[in-house]
Amino acid sequence: MAKSSGGYFGLGFIVSLVLAIIPISNIVLGIITRVQNGNFLGVILNIILFPIFWIIDLVSIIAKNKIFVLA
C-alpha cells in the first residue's frame, strides 16, 4: 500500500477532511502539526484566533490536502 502524503500526519483526504470539520480535533491537530514543524507563532495564533484558523485549515485541507498556512 502506498503511503499517503498530506493532511494530518499523512492520513488520507477523507479522514483529514472529517478531522478538519470537527472544531476540537482541528485545534488539537493544528497545534500538534505546527509544533512538529517548529512554528510556535502559529501555535499561539491558532490558540488565540481559533475560528479564523479553523476556516483556514479547512480550506487548505480541501484545496491541497495539507496544512500550509503558518504551519
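Every number here is computed from the coordinates shown, using simple stated rules; none is lab data. Everything numeric here is computed off the predicted structure, so don't read it as measured data. Methodologically, a virtual Cβ is constructed for each residue, glycine included, from the backbone with ideal geometry; neighbour enumeration extends over all protein chains shown.
Quick one: Cα convex hull volume of the chain, Å³ per residue?
Measuring per residue, one finds 72 Å³ for the Cα hull of the chain.
Mean Kyte-Doolittle hydropathy of 0.5 or higher plus an axial Cα length of 15 Å or more: which whole DSSP H helices in the chain meet both? Please list the in-between numbers first.
On the way: long enough: 23-36 (20 Å, 1.09); 50-64 (20 Å, 1.81).
Span-like helices in the chain: 23-36, 50-64.
At a Förster radius of 25 Å, what calculated FRET efficiency corresponds to the Cβ-Cβ distance of I14 and V35, to the nearest 0.05?
Working: r = 25 Å, r/R0 = 0.99.
Computed FRET efficiency for I14 and V35: 0.50.
Ignoring everything except DSSP H segments at least 4 long, calculate the 222 nm mean residue ellipticity for the chain; use -39,500 (n - 2.57) per segment, divide by total residues, nearest 500. Spell out each step's value before the answer.
Values: 4 runs with 47 residues, N = 71.
My calculation for the chain gives -20500 deg cm²/dmol from helical runs alone.
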